[in-house]
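No lab work stands behind these numbers, since they all come straight from the coordinates. These figures come from a predicted structure and were not determined experimentally. Here Cβ is always computed from backbone atoms with ideal geometry, including for glycine, and neighbour counts include all displayed protein chains.
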């Protein structure tokens, strides 16, 4: 997990971002990658400073919050007195329940 920011990225979230970058580069080019990365980082920073409009994901995972950037959902948890942890960056077409449940084992409180 990265430590130089006001938030942390899980390994799964880092992998999600790499996937977004690869897909965007292949389909829309480097300029769009830069724009999308910037939009994601901006939202991550807002999560880290608690300036983001968010919603809670579900009653079964009450600690998971999410926000949206363009076509992607950013899922995160906010442990008390710690930096928020971004656990997933998933395209709106993905199976959110499956992806989040596979990541939640031992991670979410």
Output the residues belonging to region 27-49 that are over 14 Å from the mean Cα position of the chain (by Cα), without any contact (Cβ under 8 Å) to a residue 12 or more places away in the chain and more than 18 Å from residue 90 (Cβ to Cβ).
28, 29, 30, 31, 32, 34, 35
Quick check on my filter: what residues within region 74-94 are surrounded by 13 or more Cβ atoms within 10 Å (Cβ to Cβ), out of contact with any helix residue (DSSP H, G or I) (no Cβ under 7 Å at 6 or more places or on another chain) and either over 15 Å from residue 6 (Cβ atoms) or without any contact (Cβ under 8 Å) to a residue 60 or more places away in the chain (or both)?
77, 78, 91, 94
Are any of the residues in region 36-59 exposed (fewer than 14 other Cβ atoms within 10 Å of the Cβ), touching a helix residue (DSSP H, G or I) at 6+ places or on another chain (Cβ under 9 Å) and within 23 Å of residue 101 (Cβ to Cβ)?
yes
In region 53-105, which residues are over 21 Å from residue 8 (Cβ atoms) and touching a strand residue (DSSP E or B) at 6+ places or on another chain (Cβ under 9 Å)?
71, 91, 92, 94
So which strands (runs of 3 or more DSSP E) stay within region 39-109 end to end and still have 3 or more residues that are within 14 Å of residue 17 (Cβ to Cβ)?
72-77, 85-91
